[in-house]
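One structure below.
All of the numbers you see were taken from the coordinates with simple rules; none came from a lab. Bear in mind that the values here come from a model prediction, so they are computed numbers and not experimental data. Note that each Cβ is placed from the backbone with ideal geometry, even for glycine, and that neighbours are counted across all protein chains shown.
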Amino acid sequence: MEKPRIAFFDFASCEGCQLQVINLEEDLLKVLDAVDVVSFREATKDHSDDYDIAFIEGSITRRSDEPRLKGIRSNAKVLVSLGSCATLGGINCLKNFQPEAYVRKFVYGDKAHQYETYPARPIKAVVPVDLEIPGCPINRQEFATVVKDLLLGKKPEIPNYPVCVECKMAENICAYERDLACMGPVTRGGCKACCVTEGSFCWGCRGLVDDPNADSQREILAKHGLSVQDVLGKFRLYTGFSEVAK
Ligand code: SF4
Ligand code: SF4
Ligand code: SF4
C-alpha cells in the first residue's frame, strides 16, 4: 500500500516547532516508517510538490507569502498548522501593536525600504486549515499522536479545557496565590501546565479555549478581582491577533 506523503513548510518562525519533530527520536523513526516525507527543509534537501498532508510552521508576515501558502493549500489534502506562530500569529503579532515604520526601521535599519512586511497573521487568516497543533513550541508527543490519528483516519483531539485543570491535577500552588498573573484560566490545556510546575506561570502559548468568557475557571480570576478581559490585556505575547484579546 502506498504510504501517505507528508511535507513541512515554514513561514516567519524560529523553526523551533520543526525541531521538536526532529527531536522525536525513536518515535520519529516509527512515524517515518509509516509515511513518505517528501519535503522537510530542516532535515532533507529533497523536495516534491506531490503530498497528502502539509504541516505549516510560522505566521504570514508578507503579502508575497500568500501565493506560496495558497499553492501549498491547493496541493495538500490535509493542511495542519504547527505551533503558535501558525495557529495564532503568535509572537510575530507583537509588531502589529507598533507603527509599521517604527518596526521596519528597528529591524532593518537604513535598509528598511528594501523589505516587504505587513501585520502578522495566522495561517487560517489566509487559507482554510484542517487542524491546528498549538504551543510554542509544539509538544512533540502531541504531534506524534496527531500524525498517528491522521494515518488511522481518526479525528485528532486537541484539548479544549483550560490549563488550570492540569495545573490543579499537578497540585501546583496557583500563580495568583504567589502574586503573579497567569493565563491558565483562559488558555487551552494539553501541556500539563508545565510552566507553572516549573515555578513560573502560563503565558498562553497554546491559545485560548474556545469560549474563555464561559469558562468555569474564570472564578480564579474573579477571586483575585480580575476579569477575562483584564488577564487578556496583561498578556499579548501570543494572542495579539485574537479578536477576543483586542
Ligand atoms: S511557535 Fe514558538 S517554537 Fe514554534 S516556530 Fe513559533 S516561535 Fe518558534
Ligand atoms: S491560574 Fe495558573 S497557576 Fe493558577 S491554577 Fe490556573 S494555571 Fe495554575
Ligand atoms: S503552561 Fe501555558 S505557556 Fe506554558 S506550555 Fe502550557 S500553555 Fe504554554
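Remarks
- Estimated FRET transfer efficiency when R0 is 22 angstrom, pair N213-K168 (beta carbons, to 0.05): 0.60
- Net charge dipole size for the chain [Lys, Arg +1 and Asp, Glu -1 on Cβ; Debye, nearest 20]: 700
- When the chain is described by a simple charge dipole with +1 on each Lys and Arg Cβ and -1 on each Asp and Glu Cβ, the residue from G135, L24, F97 located farthest towards its positive end is F97.
- Using a Förster distance of 25 Å, the FRET efficiency for A101-S64 (Cβ separation, nearest 0.05): 0.80
- Per-residue extension of 0.36 nm, minus the Cα-Cα distance of K111 and S74, leaves a gain of 9.9 nm for this segment.
- Segment 160-195 versus segment 33-68: alpha-carbon centroid distance in Å: 33
- Overall, the ratio between the Cα radius of gyration of segment 173-220 and 2.2 N^0.38 Å, rounded to two decimals, is 1.07.
- Separation in nanometres of the label points that stand 7 Å from Cα toward Cβ, at E177 and A43: 4.2
- Calculated [θ] (222 nm, deg cm²/dmol) that DSSP helices of n ≥ 4 give over the chain, each run adding -39,500 (n - 2.57): -8500 deg cm²/dmol
- Filtered trypsin sites (Lys or Arg not before Pro), segment 1-67: DSSP coil and at most 11 other beta carbons within 10 Å: K45, R63
- Whole-angstrom gap from segment 77-110 to segment 210-237, using each part's C-alpha centre: 25
- Basic side chains Lys and Arg get +1 at the Cβ, acidic Asp and Glu get -1 at the Cβ, and with that the dipole of segment 163-245 about its Cα centre reaches some 140 debye.
- Geometric extent, Cα atoms of segment 102-151 - Rg, Dmax (angstrom): 17.3, 49
- Of the residues Y176, V107, P67, the one whose Cα sits farthest toward the positive end of the charge dipole of the chain, with +1 on the Cβ of Lys and Arg and -1 on the Cβ of Asp and Glu, is V107.
- Translational diffusion of segment 162-246 was estimated from the Stokes-Einstein equation, with Rh taken as the Kirkwood radius over Cα pairs; at 4 °C and 1.567 mPa s the coefficient is 104 µm²/s.
- Loop-resident GluC sites (Glu not before Pro) (DSSP state other than H, G, I, E or B) in segment 158-199 with no more than 12 further Cβ atoms inside 10 Å of their Cβ: E171, E198.
- When the Cα positions of I123, G153, G240 are compared along the charge dipole of the chain, G240 comes out farthest toward the positive end, with charges on each C-beta of Lys, Arg, Asp and Glu.
- Cross-link reach list, aspartates and glutamates versus K155, counting only Cα pairs under 18 Å and skipping chain neighbours closer than eight places: D52, D130, E132, E142, D210
- Taking a ≥ b ≥ c as the square roots of the eigenvalues of the alpha carbon gyration tensor, segment 140-210 is prolate, as a/c is not under 1.5 and a/b beats b/c.
- Each label was represented as a point 7 Å from its Cα along the Cα-to-Cβ direction; for E26 and L237 these points are 3.2 nm apart.
- Calculated Rg and Dmax of segment 23-99 using C-alpha coordinates, Å: 14.7, 48
- Listed residue pairs exceeding 21 Å between alpha carbons, taken from K3/K77; K77/K148; K45/K77: K45/K77
- The simple Förster model, with R0 at 35 Å and r as the Cβ-Cβ distance, assigns D33 and K192 a FRET efficiency of 0.80.
- Label-to-label distance for A144 and L19 is 2.0 nm, based on points extended 7 Å past Cα in the beta-carbon direction.
- Full extension of the chain between K3 and H224 yields a length gain of 74.3 nm, computed as 0.36 nm times the residue separation minus the alpha carbon distance.
- Distance distribution P(r), the chain, all Cα-Cα pairs, bin width 5 angstrom from 0: 1, 6, 13, 16, 17, 15, 13, 10, 6, 2, 1, 0 percent.
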